[in-house]
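Asks: Below: one structure in structure tokens.
Computed from the coordinates by the stated procedures, all read-outs in this text should not be read as laboratory data. Please read these numbers as outputs of a predicted model, since none were measured by experiment. Positions of Cβ are generated from backbone atoms using ideal geometry, with glycine treated the same way; all protein chains shown enter the neighbour counts.
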């Protein structure tokens, strides 16, 4: 299961008289789930229950989740908490030979419960759904307008890539899909999925390229942040082929 070391990006609950609050909103789609549920309902239902158990049995402070079919909505006051929950979604999906696509945004969020009904209106959710649909790769993308602190990026040099909550790869900030428990098998699973679904080869090749970047210990932080760390002297500059190290 994923763990989250940093919780540096938080927003206070600014709920007004109408119950509107600022929230980080993650909208995730479990790729391959729909095909599984059509071809093997009973077996896929057990996997689905396991997804639900993650969020009912494991406490996630300040995070609320809504699960319906192959979509999972995660909302919270803390970017770190929301990302941590999504990392756990990634772990369970990958353990069952599925992948995740999604987006994390920030904005206004209104919810009201009336009996058996839950009413939700959110510009953040609308943007997350729109961004998720535009993502053509198996990744959960962090919206560009969400600021990620230097403290979170520096975790890469302090603790290593597999302890990072967010990675920067090919001009995108994404939720780190890897952890110590399944990283080694991730490439084999992606190749298996690519063989089974050659029409989506490019998506799996992107994922394999990300895996290779982690395997090669690339920096995977934004270039501007890396340059700033070097100028500050907190990271040493190495040869172009090597990854900068903590000073």
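Asks: Based only on other Cβ atoms within 10 Å, what is the fewest-to-most ordering of 153, 90, 206?
Replies: 206, 153, 90
Asks: What distance in nm separates the simple spin-label points at residue 216 and residue 158, each placed 7 Å from Cα in the Cβ direction?
Replies: Calculated label separation equals 2.8 nm.
Asks: Right, something else. From the helices alone, meaning DSSP H stretches of at least four residues, give me the mean residue ellipticity at 222 nm for the chain, per-run term -39500 (n - 2.57), in deg cm²/dmol to the nearest 500.
Replies: -13000 deg cm²/dmol
Asks: I need the per residue convex hull volume for region 20-218, using only the alpha carbons, in cubic angstrom as a whole number.
Replies: Enclosed volume per residue, from the Cα hull, is 130 Å³.
Asks: As a footprinting exposure proxy, order 183, 68 by other Cβ within 10 Å, with the fewest listed first.
Replies: 68, 183
Asks: For residue 38 and residue 230, what does the FRET efficiency come to when R0 = 45 Å and r is the distance between their Cβ atoms, rounded to the nearest 0.05?
Replies: Efficiency, rounded to the nearest 0.05: 0.30.
Asks: Between residue 209 and residue 112, take the C-beta separation as r, use R0 = 30 Å, and let me know the FRET efficiency to the nearest 0.05.
Replies: E between residue 209 and residue 112, to the nearest 0.05, is 0.10.
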